[in-house]
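In what follows, a single structure is set out as structure tokens and then discussed.
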Amino acid sequence: MELSRRIGSLQDSATFVVSDKARALKAKGIDVVSFSAGEPDFDTPDVIKEAGIKAIKEGFTKYTTSSGIIELRKVIADKLKKDNQLDYDPSEIVVSCGAKHSIFNVIQSVCNEGDEVLIPSPCWVSYTEMVKAAAAKPVIVRALENEGFHLNYDILKKHINSKTKLIILNSPNNPTGVVYTQKDLEIVARLALEKEFFILSDEIYEKMIYGDAKHISIVSLDKRLKDISIVVNGVSKAYSMTGWRIGYAAGPKPVMDAISRLQTHTTSNPVSISQKAAIAAITLAADDCRKMVQEFQKRRDYMIAKLCAIENVKCVKPEGAFYAFPDVSGLFNKKFNGKPIGNSNKLAELLIDEAHIALVPGSAFLADNFIRFAYATSMENIIKGMERFERFCAETK
Ligand code: PMP
Ligand code: GLU
């Protein structure tokens, strides 16, 4: 019997495919250095774990309000005010099972069949597939490497028409590391207000920011934006809590009500124990987060210096998130051990099979000239992995 054509049209998540392959090789005893998934290698801070343990011991292990316990939504509202200068009532916030789930819920709640969704690319692997899962159409808006992947008004405007329903912004960006400036955000704000479409601002890497770059939430630019914008964030990256699965969305009441309704019929509620842990993360773990970010910055500096020194590899310096996204197209007309490289998929395949380093090919982010290194792994692994990458590049002919 035929299965759903809509779900059948979705690609596998390349980040998961590569991580799973690296894990499988490691299980066979092969020493693979994995730069694949964007998952902090740090342990979840103790103060957060303790809040989770306390929740279990106190029997906080039942269904909760579908949109998340009020205590957590109040803490999120305070965070949005303090960090982002945004005014949200807890009734305008819905907690879900990870930011990925929040984004899925927003897209499901906003889009109708045939609606167009603008996605600046290079872009994270899941946006296009989530849009397709809602029977809407992803419209890719290319950001240019020679403009540091910042937004370009003329290019963006060209893609807008009467079917445009939503734009998905991600700053700091996965995979490029670009942090949108006020100017970038003003381009989007102006067009969204003028042409009337929603903005989904994925701010999951907000805390991973380096040097002089500053995170600005687009909604803080103009009061009118609150009616057409949804801010998504979560605790996975900032507090090393990827497995706890807590993310949230803040936005106009009708959108939040739709998400809540959808959630009552799907996951019921985010995990009760994780909600208590998320309160501890947001209120008590700022120092832990800061220490992790300092460590990411050291790793970034080391990795970028190494990448920039390799012939045929070019790399824009990332200002945020924890990815390096070098242009490796200079290797495509070469061969390794007689095997042609050709494109980012083949390069990633050769790198894992021959050099034992796992990377996600740029094609997964709709940018075939690139390859993604996640530096959310130990310095020891980074040193070892970069040596392997340098050796691989030196041996290409
Ligand atoms: N947005 C982006 C850009 C991401 O890279 C990720 C990766 N996990 C997410 C959202 C989802 O995060 P979470 O683990 O909270 O679902
Ligand atoms: N977001 C991370 C990444 O891009 C984790 C995996 C995923 O959610 O896709 O690697």
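Brief remarks follow.
- If you go through region 45-99 and pick out every residue that is within 16 Å of ligand 1 (Cβ to nearest atom), in contact with a helix residue (DSSP H, G or I) (Cβ under 8 Å, 6 or more places away or on another chain) and within 21 Å of Ile216 (Cα to Cα), you end up with 3.
- Residue within region 29-39 that is within 16 Å of ligand 2 (Cβ to nearest atom), in contact with a Ser or Thr (Cβ under 6 Å, 6 or more places away or on another chain) and either under 24 Å from Thr283 (Cβ atoms) or free of Cβ contacts under 8 Å to residues at least 24 places away in the same chain (or both) present: yes
- Region 197-224 residues that are closer than 27 Å to Ile160 by Cα, paired with ones that are of a type outside the set (Gly, Ala, Ser) and modelled with pLDDT under 95 (beta carbon under 9 Å, 6 or more apart): none
- Out of Val95, Val106, Val110, Val117, one residue alone is in contact with a Pro (Cβ under 6 Å, 6 or more places away or on another chain) and under 26 Å from Tyr153 (Cβ atoms). It is Val117.
- The conditions of being within 16 Å of ligand 2 (Cβ to nearest atom), more than 17 Å from Trp124 (Cβ to Cβ), aromatic (Phe, Trp, Tyr) and in a loop (DSSP other than H, G, I, E, B) are met by Tyr239.
- Any hit, region 217-227, residues being in contact with a Ser or Thr (Cβ under 8 Å, 6 or more places away or on another chain), surrounded by fewer than 23 Cβ atoms within 10 Å (Cβ to Cβ) and within 20 Å of Lys183 (Cβ to Cβ): yes
- All positions within region 202-239 that are more than 14 Å from the chain's Cα centre (by Cα) and within 20 Å of Pro45 (Cα to Cα): Tyr239
- Arg245 meets the conditions (1) under 22 Å from the mean Cα position of the chain (by Cα); (2) on the phi < 0 side of the Ramachandran plot; (3) open to solvent by 10 Å² or more (accessible area, probe 1.4 Å) in every case but one. The failed one is (2).
- Within region 65-117, the set of residues being in a loop (DSSP other than H, G, I, E, B), surrounded by fewer than 19 Cβ atoms within 10 Å (Cβ to Cβ) and polar (S, T, N, Q) comprises Thr65, Gln85, Asn112.
The values are calculated or read from the model by the stated rules, or taken from the named source; none is laboratory data. All of these numbers come straight from a predicted model, not from anything done at the bench. FYI the Cβ positions are ideal-geometry reconstructions off the backbone, even for glycines, and counts take in every protein chain you see. For accessibility, only protein heavy atoms count, side chains too; no ligands or nucleic acids. Shrake-Rupley method; radii C 1.70, N 1.55, O 1.52, S 1.80 Å.
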